[in-house]
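A quick write-up on the structure given underneath.
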Amino acid sequence: QVQLSESGGGLVQAGGSLRLSCAASGRNFNDYAMGWFRQAPGKEREFVAQISRSGFRTFYSNSVKGRFTVSRDNAKNTVYLQMDSLKPEDTAVYYCAASFGGGYIPTTRDYPYWGRGTQVTVSS
């Protein structure tokens, strides 16, 4: 089992940047592919980005591709989401999640472990 804790959210103006972190504790961090999801008020939780166990493969939703970058430091048991050129529509609670799966994993049901989320608000 792994415990996840996100940080780095906040209020930023459109066009600005934020860097989210997700610290993991418990079972070997290298065993998990890591995903970032977000949920805006009244909407379903949606896939944002994913990084493989090694960090060599990354995947992004079309809405964030070219603006967000996911990375991980397995020595620090931490995954990051660098968010640039933020837009008001990026406003949401952002969650990190851990999966035993491989390949492209964009669905919430494939992630058994979740953090509590961190709020990101982008003002226009």
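Among (1) surrounded by 13 or more Cβ atoms within 10 Å (Cβ to Cβ); (2) over 18 Å from Ser25 (Cα atoms), which single condition is Glu44 missing?
For Glu44, the failing item is (1).
Give me a count of the residues in segment 3-37 that are part of a strand (DSSP E or B), of a type in the set (A, V, I, L, M, F, W, C) and closer than 20 Å to Gly103 by Cβ.
Number of matching residues: 4.
Kindly indicate the residue of segment 20-37 that is open to solvent by 10 Å² or more (accessible area, probe 1.4 Å) and at pLDDT 95 or above and also nearest to Arg67 (Cα to Cα) among those meeting that condition. Working first, answer last.
Start the filter on segment 20-37 by keeping residues that are open to solvent by 10 Å² or more (accessible area, probe 1.4 Å), which leaves 21, 23-28, 30-31.
Subsequent filtering for residues that are at pLDDT 95 or above retains 21, 23-24.
Details: Ser21: 17, Ala23: 22, Ala24: 25 Å.
Looking at residues that are open to solvent by 10 Å² or more (accessible area, probe 1.4 Å) and at pLDDT 95 or above, I get Ser21.
Within 14 Å of the chain's Cα centre (by Cα) and open to solvent by less than 70 Å² (accessible area, probe 1.4 Å), is that true of Ser7? Write out each step before concluding.
Working: within 14 Å of the chain's Cα centre (by Cα): yes; open to solvent by less than 70 Å² (accessible area, probe 1.4 Å): yes.
Judged against the criteria, Ser7 is a match.
Pull up segment 75-91, narrow it to residues that are in contact with a Cys (Cβ under 9 Å, 6 or more places away or on another chain) and open to solvent by less than 30 Å² (accessible area, probe 1.4 Å), then point me to the one that is farthest from Ser61 (Cα to Cα).
Taking segment 75-91 as the starting set, the residues that turn out to be in contact with a Cys (Cβ under 9 Å, 6 or more places away or on another chain) are 78-81.
Okay, now just the ones that are also open to solvent by less than 30 Å² (accessible area, probe 1.4 Å), so 78-79, 81.
Working: Thr78: 21, Val79: 17, Leu81: 13 Å.
Selected residue: Thr78.
With the condition kept exactly as written, say whether any residue in segment 73-89 is more than 21 Å from Arg109 (Cα to Cα), of a type in the set (Lys, Arg), touching an Asp or Glu at 6+ places or on another chain (Cβ under 8 Å) and at pLDDT 95 or above.
No - not one qualifying residue is present in segment 73-89.
What is the residue count in segment 59-91 for residues that are in contact with a Ser or Thr (Cβ under 8 Å, 6 or more places away or on another chain), in a strand (DSSP E or B) and among the charged types (D, E, K, R)?
The total comes to 1.
Sort out which residues of segment 92-124 are open to solvent by 40 Å² or more (accessible area, probe 1.4 Å), under 23 Å from Leu11 (Cβ atoms) and not in a strand (DSSP E or B), and write them in order of number.
Correct list: Arg116, Ser124.
The values are calculated or read from the model by the stated rules, or taken from the named source; none is laboratory data. Everything quoted here is computed from the prediction, not taken from an experiment. Counting neighbours? That spans all protein chains shown, and the Cβs are built from the backbone with ideal geometry, glycine included. Heads up: the accessible areas ignore ligands, DNA and RNA and are worked out on the full protein's heavy atoms, side chains in. Shrake-Rupley method; radii C 1.70, N 1.55, O 1.52, S 1.80 Å.
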